[in-house]
Amino acid sequence: MSEEEKAAGMDLSVNELRMVIELFPNKELFDIEGSFYYDETDNVRKYYLKETGVNEQIDRHFVLGGVYCKKDEELPDIEELKVKLNISNDSKEIKSKQLYRGDFLKVLDDKYIHLFLEWISQCQLYVHYTVVNLYYYSLVDIVDSLITNERSMIYWADIMKNALYHVAKRNYTAFNDILYRYNYPNLKSDDIRNFLVEIRDFIAMHKTDGDLSLPLLLDLMKDENIDKLPFIQDEKDRIFLNDLSQFYYYPIYCFWNAIHIFDHEDEIEKKHFGNVVFKKDDVLLNSYEFKDSKDEPMIQISDCIVGLICRFYKFLDEFDGNVDAFDGQLNEAQRKNLKTLCNIIKKTVDFNEALVHMIVPIDEAENYRLLIDAYTE
């Protein structure tokens, strides 16, 4: 939805938004009732190119999520957890910064994260989240635009996106310079050929022996008849993401029978929801609300969860996939906490795999599966 449409007001039909879901063989997963609680992290507001590169760190992972409670299930009391975490009665809420700081491996070594994860694992709660690797998400339209001209390559699309992401990220300063000069993602038709030539030359120069799918992408770019790249034209100059509203809307229309409780933030409420109305069967859908985290303990728990999930996926983005070598570097506390985290996620996926929504490169998703398999019972 454009900024102009939001400003003017917009009715969103969840029936239309769910049309793709209705085609899924497991569409019943999205019909669950219950309550979703949310917080977010790495919310960049806007993601764009400057002359010096992107306006945020290259490893940003936006995470929106928290805990889900089944309908009629009693919510846990967090006062016991606050005592375990040595949080004083004067403190009105639990915040992630009280539990942990630093990167994923440092967090796994923290005694408070151990207490927190043990508490979560014993509750009748499930985690849920959408995680978006923002740099990856900003580049996938290059491949999607190319395969509109060659539909036979659609099977290879995700593999090519993965390869493009890695070669771009390894050399992001030079790659971002190309994007900047062509006002990506708003290419002019006259610039398409030169843009593809530069991207192709960049890939050829920087690819490694492990980038097995890049030759497919290079072949696509050699087509001199390409005169349109639909997903990277007619957009705004150098704006990767104007806002993150689509990710806030996603769970509302996907899980339309559930209640969604977001953290109260004026900017998010006004920008993403101020003039937007959701309707189901042309009837107003009042399935979401905003609450102050001080008044809603499950939003506090969600804050702690999304910070941990964000660090987890940043680690997965860099992980080389060698589980044995990785495990040999862990101390006992780190190993135990990783097992607890992975079992919490597995418990969720076993209950309903739709509660974990990843927009990440194939390698990152595969690393997630490797660790979940290796550290669950």
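The values are calculated or read from the model by the stated rules, or taken from the named source; none is laboratory data. A quick note: this is a predicted structure, and the numbers were derived from the prediction, not measured. Cβ coordinates were reconstructed from backbone atoms using ideal geometry, including for glycine residues, and neighbour counts include every protein chain displayed. Side chains included, ligands, DNA and RNA excluded: accessible areas come from the protein's heavy atoms. Shrake-Rupley method; radii C 1.70, N 1.55, O 1.52, S 1.80 Å.
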- Message: Looking only at residues that are surrounded by fewer than 20 Cβ atoms within 10 Å (Cβ to Cβ) and of a type in the set (A, V, I, L, M) in region 33-61, which one is farthest from PRO297 (Cα to Cα)?
- Response: ILE58
- Search region 221-240 for residues being open to solvent by less than 20 Å² (accessible area, probe 1.4 Å) and at pLDDT below 95, and hand back the single one that is nearest to ILE178 (Cα to Cα). MET221
- Which condition number does TYR37 fail, the rest of (1) in a strand (DSSP E or B); (2) in contact with a Phe, Trp or Tyr (Cβ under 6 Å, 6 or more places away or on another chain); (3) of a type outside the set (Lys, Arg) being met? (2)
- Take region 305-324 and flag every residue that is part of a helix (DSSP H, G or I), more than 23 Å from GLN98 (Cβ to Cβ) and open to solvent by less than 50 Å² (accessible area, probe 1.4 Å). LEU316, ASP317, VAL323
- If only one of PHE231, PHE262, PHE240 is in contact with a strand residue (DSSP E or B) (Cβ under 8 Å, 6 or more places away or on another chain), within 30 Å of GLU198 (Cβ to Cβ) and in contact (Cβ under 8 Å) with a residue 24 or more places away in the chain, which one is it? PHE240
- Query: If you check every pair at least six apart or on different chains, which have Cβ atoms under 9 Å apart with a residue in region 164-189 that is more than 16 Å from ASN55 (Cα to Cα) and charged (D, E, K, R) first and a residue that is surrounded by 15 or more Cβ atoms within 10 Å (Cβ to Cβ) and modelled with pLDDT under 95 second?
  - Reply: ARG170/HIS206
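Kindly indicate whether ILE199 is of a type outside the set (D, E, K, R) and within 21 Å of VAL132 (Cα to Cα).
On the way: of a type outside the set (D, E, K, R): yes; within 21 Å of VAL132 (Cα to Cα): no.
No; evaluated as a whole, the condition is false for this residue.
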- Being part of a helix (DSSP H, G or I) and among the small types (Gly, Ala, Ser), is that true of even one residue in region 231-251? yes
- Query: Pairs, please: C-beta under 9 Å, at least 6 apart or cross-chain, first residue β-branched (Val, Ile, Thr) and in region 288-313, second part of a helix (DSSP H, G or I) and modelled with pLDDT under 95?
  - Reply: ILE299/SER293; ILE301/LEU81; ILE305/SER96; VAL306/SER96
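Residues are listed down the side, and each one gets a yes or a no for (1) in contact with a strand residue (DSSP E or B) (Cβ under 8 Å, 6 or more places away or on another chain); (2) open to solvent by less than 60 Å² (accessible area, probe 1.4 Å); (3) farther than 26 Å from PHE255 by Cα; (4) in a loop (DSSP other than H, G, I, E, B):
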residue: ASP72; (1), (2), (3), (4): no, no, no, yes
residue: LEU75; (1), (2), (3), (4): yes, no, no, yes
residue: ASN89; (1), (2), (3), (4): no, no, yes, yes
residue: GLY102; (1), (2), (3), (4): no, yes, yes, yes
residue: LYS106; (1), (2), (3), (4): no, no, yes, no
residue: TYR112; (1), (2), (3), (4): no, yes, yes, no
residue: PHE116; (1), (2), (3), (4): no, yes, yes, no
residue: HIS128; (1), (2), (3), (4): yes, yes, no, no
residue: ASP144; (1), (2), (3), (4): no, yes, yes, no
- Residues satisfying the stated conditions in region 168-216, i.e. closer than 20 Å to GLU366 by Cα, aliphatic (A, V, I, L, M) and modelled with pLDDT of 95 or more: ALA168
- Item | region 15-32, residues that are open to solvent by less than 60 Å² (accessible area, probe 1.4 Å) and aromatic (Phe, Trp, Tyr) | PHE30
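Picking from ILE87, ILE58, ILE32, which residue would you name as being within 30 Å of TRP256 (Cα to Cα) and of a type in the set (A, V, I, L, M)?
Numbers: ILE87 fails: within 30 Å of TRP256 (Cα to Cα); ILE58 fails: within 30 Å of TRP256 (Cα to Cα).
Residue meeting the stated conditions: ILE32.
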